[in-house]
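The values are calculated or read from the model by the stated rules, or taken from the named source; none is laboratory data. Bear in mind the structure is a predicted one, so any value in this text is a computation, not a measurement. Cβ coordinates were reconstructed from backbone atoms using ideal geometry, including for glycine residues, and neighbour counts include every protein chain displayed.
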Amino acid sequence: MTAGGIASIGRDFTVGEFRARAASRGWHADADDFGDHHLNPGITEELRTRPFRDAAVLIPVIDHSAAPTVLLTKRSAALRTHSGQIAFPGGRIDPGDGDAETAALRECEEETGIGAEHVEIVGRLPDYMAGSGFRIYPILSVLKPGFELRPNPHEVDAVFEVPLSFLMDEANHAQGSRIVAGHMRHYFEMPYGDWYIWGVTAGIIRLMYERLYSGE
């Protein structure tokens, strides 16, 4: 691993490559779903038969010419659910949104201040089914530099970037476990510097890796 925690995996990461992979390897009509059951097969049937609430997250890959990064947030410690956790910009799909892409763009602007004029939607990943009862639509996007961050203090404590090369290196995908509601639950975790990425967010990152970058 190189200095600063950025792993080298023998590939030049570019936004052009990311766009191409999103277009050719992202969501398709026959795509299998993904989710918390990926590491917890015992809850597969429960997740596939329960009612879900729809949510969308934006996966913003920032078009830095030297090395693309992925924008993430730290949820406010004052929030009732998932407080203080690392997350992509996103939230529930409202009736007026129309589609997951619109919801993800709206939530991104509400949470970070980044407007849709800075965002290029390039694809979507298969749905992610979370044990918390949400079916999450991960929207792949390219974020053009020049935006101004205005984090919503009621929802976000911090906004930060992680190199795409770090997140797409399987060597940085560890697994953790803990007791949840009396049951052992396993999850992905990807510590990066002072940031502890785990749970659903790490699961979506793992989905992105498996769908776009693995098998080479």
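Only one of G42, G26 is in contact with a strand residue (DSSP E or B) (Cβ under 9 Å, 6 or more places away or on another chain) and within 23 Å of E189 (Cβ to Cβ). Can you tell me which? Only one candidate qualifies: G42. For the stretch 168-216, the set of residues classified as within 18 Å of F18 (Cβ to Cβ), of a type in the set (F, W, Y) and either loosely packed, with under 12 Cβ neighbours inside 10 Å or at pLDDT 95 or above (or both) consists of Y209 only.
Can you tell me which condition S165 does not meet? The list is (1) surrounded by 15 or more Cβ atoms within 10 Å (Cβ to Cβ); (2) out of contact with any Ser or Thr (no Cβ under 8 Å at 6 or more places or on another chain); (3) of a type in the set (S, T, N, Q), and all the others hold. Result: S165 fails condition (2) only. Given A77, A3, A56, which one is in contact with a Gly (Cβ under 6 Å, 6 or more places away or on another chain) and modelled with pLDDT under 85? Of A77, A3, A56, the one residue that is in contact with a Gly (Cβ under 6 Å, 6 or more places away or on another chain) and modelled with pLDDT under 85 is A77.
Taken together, T49, T69, T102 contain a single residue that is among the hydroxyl-bearing types (S, T, Y) and touching a strand residue (DSSP E or B) at 6+ places or on another chain (Cβ under 8 Å), which is T69.
Of all the residues in the stretch 9-37, those that are of a type in the set (G, A, S), exposed (fewer than 11 other Cβ atoms within 10 Å of the Cβ) and at pLDDT below 85 number 2. Listed by position, the strands (runs of 3 or more DSSP E) enclosed by the stretch 159-216 that each have at least 2 residues that are more than 22 Å from I43 (Cβ to Cβ) are 183-192, 195-198.
Among the residues of the stretch 129-163, the ones that are closer than 19 Å to R21 by Cα and of a type outside the set (A, V, I, L, M) come to 5 in all. Residue count for the stretch 140-190 under the criterion of being within 16 Å of the chain's Cα centre (by Cα), of a type in the set (D, E, K, R) and more than 24 Å from D127 (Cβ to Cβ): the result is 2.
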